Structures are given as structure tokens and as C-alpha cells.
Amino acid sequence: METLYLSASAPETAQTAADIIKSGDLVAIPTETVYGLGANGLDEDAVAKIFQAKGRPQDNPLILHLSDAAEMDRYCHTIPEAAYRLAEKFWPGPLTMVLPAKDCVPRRTTGGLDTVAVRCPDSPITREIIRLAGVPLAAPSANISGKPSTTTAEHVRHDHDGRIAAIVDGGPCRVGVESTIVDLTDSPARLLRPGGITPEQLVAVLGELTVDKAVTAQIDKDAVVKAPGMKYKHYAPDCAVIIVSGSRDAAAKYVHANYQPGDRVLCFAEELSLYSNCAPLAYGKEADVNTLSAGLFAALRELDDPAVKRVFARCPVGGGVAYAVQNRLKKAAGFHIINAEEAER
Ligand code: TXA
Ligand code: MG
């Protein structure tokens, strides 16, 4: 299949992409978080193509992307008042809500669950495609399953050229990590995945929020979990990733003492000079966490190279968006973290 490349700024792109979606094929779409691999979320056969293209386990449900918050009632029932408040405050934007699914949502989309995840992305071209298609878009991150997510059209081309009908190029993604997922079928609401909408912002609206254990620890692959996607290996280059925590100096000392040819260092821009002999790659500035979230997946993809043996990674501390960056890096590292200050003692 020849993949069609469509620019988000070309006037005919939204209609062309919507026509492909209506015909049951796959279109990669830009969003503010990461690129998604979109299909008609109400068409089982179209949705099956997503699982096939990504190599995704069948029990891992997809997010339904809406063009407007008003569409939530078409696909969800027993919607708590809190969901409307969250939609009002954070949509369009990087927030996904898990709600009871109406029967019109195929179980192939929900991975067999009776709940469905919905989100309204902050990308005008993608909302226009959804509106013109007249159906919600089921769209996982467009990466091949297990690999770091796609934050540019080039990443999508790398993973899917010749295997999907079209890619809409909307430039690099602003947030760079996937949406925050909150499960509103639980009381209090439960954070299933941190992202661009922070736990602090959610608590300000909801009052209370529990954090699912899949966010903070490795989950056994046979475990029954709220977000099935969280138990699979994720976001990772092929080589081992080791997070080196602690002060700048202690971390540099640890890395220099353990560095071997073929290793790389994934660090903050402010630290590049500390690692000049250790093949460093900066993914953003420690002083501006949004640059870290925006740059993380592109950096992890660059490090996904057979020549790379191990990656020593520096991880931001604290809450807010840093919490989401920590979550993705810890998952990429399989929660392998070395405290450089303890290692010194
Ligand atoms: O930012 C995003 O959310 C991106 C863009 C494309 O919108 N999409 C994305 O989709 O990250 P995906 O499939 O890579 O991740 C969706 C996550 C998975 O971990 C899945 O298990 C979880 O959402 N999920 C989907 N439906 C669910 C449900 N009904 N209950 C619990 N978790 C659900
Ligand atoms: Mg994903």
C-alpha cells in the first residue's frame, strides 16, 4: 500500500483524511500529546486493522477521540457530574476519561471492557477530521507496540510507511507524552496514567484522586489491572535503560565510574558538559519540564539503535508534568533506578 502524506495546513487534508476513515482504513493523526493511529472507532473491522498494524495485544483497549465534549453522551452512560466539569476545564486537551460504555461502542474498541476511554484532542485538524468523518476516532499512539511513542510525522513514517493509508503531518507534538487517564467509574476517581494534565490540576477539580499502582510500579503481565496497557513493556528502546538519580555531581561521578564503550547518557541540556566523553544526548532543559516531556520520546527513539548497549538516564524530580516524565522514563527503565548518592557511600 502506498502511504499518502498530507500536510495539516493543506485545505483538502481534513476531507481526504475523513474519507479514508469512513472507508475503513487507517490514518495517522497529529495531536498535542503524540501522533495517533486512527480508525473509525465504531467499525470493528477498521479497529482490527489498528491492532494488526501496531502488533498490539487484543485486550488492550483504545481511546475514542471526539471532536467535541457534547459527543461524550453518545458513547458513554451514567456519566458523573465530575466528568462534565473536567471536560469543561480541560477539553480540548491532554485528558482522557474512562466511563461506562454504551452498546454502540464495539467491544473490540474497548478490549472487551464495558467501559470506554474518551478524549477530545487539542489539535484543530484532528477535530475537523473527526467532525467530517462523523464518527469517533479510535486511536492509540502510532508507535509499534512496546516502542517509544511517535511525536513527529517522521516517527510515524519510520514505523508504518507502506502499511497504512495516510499520515497527516501536523509538526512535532507540543506535550510529547500521552494524555493523562483518569478512571471516573471508581470513587474516588483513579489516575491510571499521568500526562499533561497534572494530578494537582485534577485534584483541584475532583477534590480526591487515588493513584493506580500501575503508575508507580512494574505490574505483572498476568495481573488484572484497571488500565490493561500499563502492564505491557512500554516506551523502551531495545537496550537496558538505567535511571541515575541524585545530585548532578553524584550522578556524573557514578556514570563516569561505570561507563563502557557503547553506553549513552540521556541527560538534561544543563548537564551536557558533564558527560562530554560519554556520548550524551539531551532531551530538554531541567529548568523547563515542558521541554523534557516534548523531547523524551524522540530521544528514546534515537537511542533505539543496535549500537547502543546501555542508557544512563537522568530524570526530573517533583510533581506537575515532571510526574508524567518520571512515569514514562521509569517504565522505559523497567523501574531500574540507581541512587548515585547512596552508591557513593
Ligand atoms: O495522548 C493519548 O492518549 C494518545 C493520543 C493518540 O491521543 N493515545 C494513546 O493511546 O496514548 P494508547 O492506546 O497508546 O494508550 C491508551 C491507554 C492504554 O494504556 C489503555 O490500556 C488505556 O489507555 N485504556 C483505554 N481504554 C481503557 C479503559 N476502558 N479502561 C482503562 N484503560 C483504558
Ligand atoms: Mg501507547
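So here's what we get for this one:
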read-out	value
Residues located in the range 164-223, provided they are farther than 22 Å from Cys76 by Cβ, touching a Gly at 6+ places or on another chain (Cβ under 8 Å) and of a type outside the set (Gly, Ala, Ser)	Val175, Val177, Thr198, Pro199, Glu200, Gln218
Criterion (within 19 Å of Ile164 (Cα to Cα), within 15 Å of ligand 2 (Cβ to nearest atom) and at pLDDT 95 or above) met by exactly one of Gly38, Gly24, Gly55	Gly38
Given (1) more than 16 Å from ligand 2 (Cβ to nearest atom); (2) more than 30 Å from Thr3 (Cβ to Cβ); (3) surrounded by fewer than 24 Cβ atoms within 10 Å (Cβ to Cβ), number of the condition Ile219 does not satisfy	(1)
Filter result (more than 16 Å from ligand 2 (Cβ to nearest atom) and part of a helix (DSSP H, G or I)) within the range 149-162	Ala153, Glu154, Arg157
Members of the range 165-195 found to be touching a strand residue (DSSP E or B) at 6+ places or on another chain (Cβ under 6 Å), within 14 Å of ligand 1 (Cβ to nearest atom) and more than 26 Å from Gly319 (Cα to Cα), listed by number	Ile167, Val168
Residue match in the range 163-178 (condition: assigned to a loop (DSSP other than H, G, I, E, B), modelled with pLDDT under 95 and of a type outside the set (Asp, Glu))	no
Hey, Ala8 under 17 Å from the mean Cα position of the chain (by Cα) and closer than 25 Å to Ala299 by Cα or not	no
Conditions (1) near ligand 1 (Cβ under 9 Å from one of its atoms); (2) touching a residue at least 40 places away in the same chain (Cβ under 8 Å); number of the one not met by Asp114	(2)
Per-region count, the range 27-49, residues over 16 Å from the mean Cα position of the chain (by Cα) and within 13 Å of ligand 1 (Cβ to nearest atom)	4
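The values are calculated or read from the model by the stated rules, or taken from the named source; none is laboratory data. Predicted, not measured: the structure shown is a model, and the values here were computed from it. Counting neighbours? That spans all protein chains shown, and the Cβs are built from the backbone with ideal geometry, glycine included.
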